[in-house]
Every structure is written in structure tokens, then in C-alpha cells.
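Enquirer: One structure follows; several queries about it will come next.
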Amino acid sequence: MMGGHHAISGTAAWMALAGSAPVLGHVTGLDLWELAPSQVTTGAVVATGAALLPDIDHPSGTISRSGGGLTKALTRAVSSAAGHRGATHTLLAVAIFTALAVVIHRLDWQVDLPVLGEVQAGAALLVAAMCALGTRALKMVEGRWLPWAVGLAAGLLVAVIAPDTSFWLPAAVAVGALTHLVGDLLTTDGIPFPTWPLTVKPPKHLASGLWQRSGDIALPLLGDAGSAREWLLCTALTAYAAMTTVVTVAGAPWTLAT
């Protein structure tokens, strides 16, 4: 799946999850998590960028182009070690990305800024990075530095309107990264076997496009990456994400942290 399509899929998945949790909680009687509109919207920003994280193994991907020589060197190194759609496209990688988000939050790195007051810097920087990746992948802003300027502004805004990131920030990273795996699973090349690094390879007579000789699995409903079916699906996801975001922003008052 193409980078921009991964990004919008992350947005749509987060909006579907954040919007459905209160409804499911009401129907089932379970105490499911419920987020304020500000947390839903900023979580969508994080999920959008996090949906690109597995492509840290792609030397030509959005992440590689986002930070100059540093990110290019990083993605080349990861690609050399693991190959594309390798280790970073696994459930283990999703768990690691999520754990890193938890660690960043729990570092409790506070910075006192003029006007804004005390800001949770680790969370703000993580939001900034995810926003920069997402806006670049969606081609909302161009250039080397503008996406990061927009991302930094978003990170500071989150520090003001949604300072409690303890739950939704790691959750948004998990949703975005997991959505990436689902997107690639639906294409011809597929993803590594779910239990990676323990890979189960099929007997020769059972190998197919669904369970490949390498042990990778695929459910290629979208065909090759960039196919017309992929574009059609992501057009629908874009409409859904835009509609739910507008409804969320307009549906309840936003308050500033005090």
C-alpha cells in the first residue's frame, strides 16, 4: 500500500475506534474508554503518522524523505538489516512502537514555556513527529522543514488542549502501526507470518499467494500496491475520515488546560 494511503487508513481506523468505543460500552454495559473531542482529534493526528512507522525499513518511503540525511541513513540501515516488509511489518514491531510511546510518556519530561506554561515535552515531540510524517505523506504540506514546523505547532497545541496523553497517545500509535500491517496484508506481497520471528513456512504443495513459500501471508483483495482498488478504498476512507473529524470537532466544546 502506498504511503499516503497508509496514512489515511490510520486516520480512518482511529476515528472508527474512538467513535465506536462509547457506543459499544453503552450497548454491552462494559466500562470502555471514552475520549474528549480534543483527544479524539489529536489521536487521529498521531495515528496518521504512526501508520507510516513500519516503513522505517523503506529507503524511498516518507520517513526516509522526512529528516534529510539522518532519516535516509536510518532507513537504509534498517532495510539492510531486515529488508522491506520484514521485521518492522510484524506484530512484534507494533508492540515495540507502542512500548516506545509508553516510555516517552512516562519519562515525564516537563518544560516550562512562556505563555503555554508547563508542557509535557516528550508527548509534544512525539505528536510533532507523527504530525510531520502524516502531513507529508498526505501531501498537505511540502518542503523539508514546513511539515516539521506544522508538526511542532500541533505538538504544542496538544500540550495545551489535551495534556493528559497517558492512554490515548500509545493507543493511537498502536492503531496506526497495526493499520499499516492490515493494509499491506491486503496487497499481493503480504506481510511476515504473524508469529515472526518464528516463521511457519507451508509445505511446497500448499504454498500459494495466500501463504507464500517464504512464510509470508497475504489476503490480496487490493491486488498490487497502488492498484485501482486500493485508490477506490482509500478515497472512501478519506471521505469517512474527513466527515468524522468534522463531526468530532464541531460536536463538543474544546477547553484549554489550566
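Enquirer: Of these, THR195, THR199, which one is over 28 Å from MET15 (Cβ atoms) and out of contact with any Gly (no Cβ under 7 Å at 6 or more places or on another chain)? Step through it out loud before you land on a result.
Expert: On the way: THR199 fails: out of contact with any Gly (no Cβ under 7 Å at 6 or more places or on another chain).
Exactly one of THR195, THR199 is over 28 Å from MET15 (Cβ atoms) and out of contact with any Gly (no Cβ under 7 Å at 6 or more places or on another chain), namely THR195.
Enquirer: Could you list, in sequence order, the residues of region 68-82 that are touching a residue at least 12 places away in the same chain (Cβ under 8 Å) and surrounded by fewer than 21 Cβ atoms within 10 Å (Cβ to Cβ)?
Expert: GLY68, LYS72, LEU74, ARG76, SER79, ALA82 - these are the residues of region 68-82 that are touching a residue at least 12 places away in the same chain (Cβ under 8 Å) and surrounded by fewer than 21 Cβ atoms within 10 Å (Cβ to Cβ).
Enquirer: Now for a separate question. Taking THR255 as meeting all but one of (1) at pLDDT below 90; (2) open to solvent by 40 Å² or more (accessible area, probe 1.4 Å); (3) under 21 Å from the mean Cα position of the chain (by Cα), write down the number of the exception.
Expert: THR255 satisfies every listed condition except (3).
Enquirer: Here are THR75, THR11: which of them is at pLDDT 90 or above and of a type outside the set (Lys, Arg)? Talk me through it step by step, then tell me what you get.
Expert: Working: THR75 fails: at pLDDT 90 or above.
Being at pLDDT 90 or above and of a type outside the set (Lys, Arg) holds for just one of THR75, THR11, which is THR11.
Enquirer: Next question, about the same structure. Restricting to region 179-193, what's the tally of residues that are within 17 Å of ARG213 (Cβ to Cβ) and either in contact with a Ser or Thr (Cβ under 8 Å, 6 or more places away or on another chain) or open to solvent by less than 10 Å² (accessible area, probe 1.4 Å) (or both)?
Expert: 4
Enquirer: Taking only region 196-249 into account, find how many residues are of a type in the set (S, T, N, Q) and in contact (Cβ under 8 Å) with a residue 60 or more places away in the chain.
Expert: Residues meeting the conditions: 4.
Enquirer: Sticking with this structure for a sec: Residues LEU133, LEU125, LEU100: which one is surrounded by fewer than 20 Cβ atoms within 10 Å (Cβ to Cβ) and modelled with pLDDT under 90?
Expert: LEU125
Enquirer: Which residue out of LEU210, LEU206, LEU232, LEU222 is among the aliphatic types (A, V, I, L, M) and crowded, with 17+ Cβ neighbours inside 10 Å?
Expert: After ruling out the rest, the residue left standing is LEU222.
Enquirer: Only one of (1) at pLDDT 80 or above; (2) buried (at least 19 other Cβ atoms within 10 Å of the Cβ) is not met by THR165, so which one is it?
Expert: (1)
Enquirer: Tally up the residues in region 56-66 that are open to solvent by 20 Å² or more (accessible area, probe 1.4 Å), of a type outside the set (Val, Ile, Thr) and either within 24 Å of ILE217 (Cβ to Cβ) or in contact (Cβ under 8 Å) with a residue 12 or more places away in the chain (or both), please.
Expert: The number of residues fulfilling the criteria is 3.
Enquirer: If I go through region 194-203 residue by residue, how many of them are among the aliphatic types (A, V, I, L, M) and open to solvent by less than 70 Å² (accessible area, probe 1.4 Å)?
Expert: Adding up the residues that qualify gives 1.
The values are calculated or read from the model by the stated rules, or taken from the named source; none is laboratory data. Given the structure is predicted, the values throughout are model-derived calculations rather than measurements. Positions of Cβ are backbone-derived with ideal geometry, glycine not excepted, and every protein chain shown enters the neighbour counts. To get the accessible areas, we keep the full protein, side chains included, count just its heavy atoms, and leave off ligands, DNA and RNA. Shrake-Rupley method; radii C 1.70, N 1.55, O 1.52, S 1.80 Å.
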